Amino acid sequence: MKIILVLILAYLIGSIPSGVWIGQLFYHKDIRQYGSHNTGTTNAFRVLGRPAGIIVLIMDMFKGTLAAALPLFFGLPQHWLILLAGVVAVFGHTHSIFIHFQGGKAVATSVGMVLVYNPAFFGIAWLCFMSTLLLSSMVSVASTVSMVLLDIISLFFHDWLLTATALLITVVIFYRHKDNFKRIKDGTENMVPFGLGYYLRKKKQKKD
């Protein structure tokens, strides 16, 4: 019964649509109607601005952390349960019961989950993400490339549960970014206003 309760709570926590609720409560905007129409952190930054985007990022990460910690709160310290609760929260984030089973792209919630399971891997995940973001200036590229790198890096931890979970989340994240891949191919993908990719695009636009 404890395990079932943990998984239900993990799904409900993951389902909290941070970007949608923050936008509606404080900005009177539904971010699903603007920008990329996504409910996640990147679109929150784009539509609502930096302060709201930071809050949504923290909330989405914390959803994964809190959900993954639920087994510990209920006296269930098994590592596989920590990962399972985290994965269920990620599913809740991408298919939220509160917004007709729509959702975000799973990146922030996935990272938050790892903080509970393996803090060292969490640090590496952030390093991979920020490095690729500074090079590409695209959150979509940073998210997907980082996951591939983390799949490889996870092998050095000799933890098959971690590797299997990383691979599963990679599949989810790649699927959720399918529209981004089309825009990248067309050269129309949105960029953050910093990094090498942004500098090169601006330089090219000046020449044109």
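The values are calculated or read from the model by the stated rules, or taken from the named source; none is laboratory data. In this text the structure is predicted, and so the values were computed from the model without any measurement. Using ideal geometry, Cβ is built from the backbone for each residue, glycine included, and neighbour counts are taken over all protein chains shown.
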**Request:** Filter the range 169-191 down to residues that are in a helix (DSSP H, G or I) and either touching a Cys at 6+ places or on another chain (Cβ under 7 Å) or surrounded by fewer than 15 Cβ atoms within 10 Å (Cβ to Cβ) (or both), then give me how many there are.
**Result:** 8
**Request:** For the range 17-33, state whether one or more residues are assigned to a loop (DSSP other than H, G, I, E, B) and within 19 Å of Ile173 (Cβ to Cβ).
**Result:** yes
**Request:** May I ask you to say which residue of Tyr198, Tyr175 is among the aromatic types (Phe, Trp, Tyr), modelled with pLDDT under 90 and out of contact with any helix residue (DSSP H, G or I) (no Cβ under 8 Å at 6 or more places or on another chain)?
**Result:** Tyr198
**Complete:** Going through the range 104-139 in order, the residues found to be in contact (Cβ under 8 Å) with a residue 60 or more places away in the chain and either within 11 Å of the chain's Cα centre (by Cα) or assigned by TED's automatic domain parsing to the domain that holds Val20 (or both) are Gly104, Lys105, Ala106, Val107, Ala108, Thr109, Ser110, Val139
**Message:** Kindly evaluate Ile97 against the criterion of being modelled with pLDDT under 95, surrounded by fewer than 20 Cβ atoms within 10 Å (Cβ to Cβ) and of a type in the set (A, V, I, L, M).
**Reply:** no
**Request:** Go through the residues of the range 104-121 one by one and say whether even a single one is on the phi > 0 side of the Ramachandran plot and surrounded by 23 or more Cβ atoms within 10 Å (Cβ to Cβ).
**Result:** yes
**Prompt:** Limited to the range 95-111, what total is found for residues that are assigned to a loop (DSSP other than H, G, I, E, B) and either farther than 15 Å from Asn43 by Cα or not hydrophobic (A, V, I, L, M, F, W, C) (or both)?
**Reply:** 6
**Asked** Taking Val47 and the conditions (1) out of contact with any Lys or Arg (no Cβ under 9 Å at 6 or more places or on another chain); (2) assigned to a helix (DSSP H, G or I); (3) over 23 Å from Gly123 (Cβ atoms); (4) free of Cβ contacts under 8 Å to residues at least 40 places away in the same chain, which numbered condition does it fall short on, given that it satisfies the others?
**Response** (1)
**Fill in**
Quick count over the range 146-161, residues being touching a Phe, Trp or Tyr at 6+ places or on another chain (Cβ under 8 Å) and closer than 24 Å to Gly103 by Cα, is 3
**Asked** Out of the range 140-154, which residues are under 16 Å from the mean Cα position of the chain (by Cα) and of a type in the set (S, T, N, Q)?
**Response** Ser140, Ser143, Thr144, Ser146
**Request:** Starting from the range 153-166, take each residue that is surrounded by 17 or more Cβ atoms within 10 Å (Cβ to Cβ) and list its partners that are polar (S, T, N, Q) and outside any helix (DSSP H, G or I), counting only C-beta distances under 7 angstrom and pairs at least six apart or across chains.
**Result:** Leu162/Asn118
**Complete:** The number of residues in the range 22-47 that are within 17 Å of the chain's Cα centre (by Cα), hydrophobic (A, V, I, L, M, F, W, C) and either surrounded by 24 or more Cβ atoms within 10 Å (Cβ to Cβ) or over 20 Å from Val139 (Cβ atoms) (or both) is 2
**Item:** Scan of the range 50-94 for residues that are outside any helix (DSSP H, G or I) and in contact (Cβ under 8 Å) with a residue 40 or more places away in the chain, ordered by number
**Value:** Phe74, Gly75, Leu76
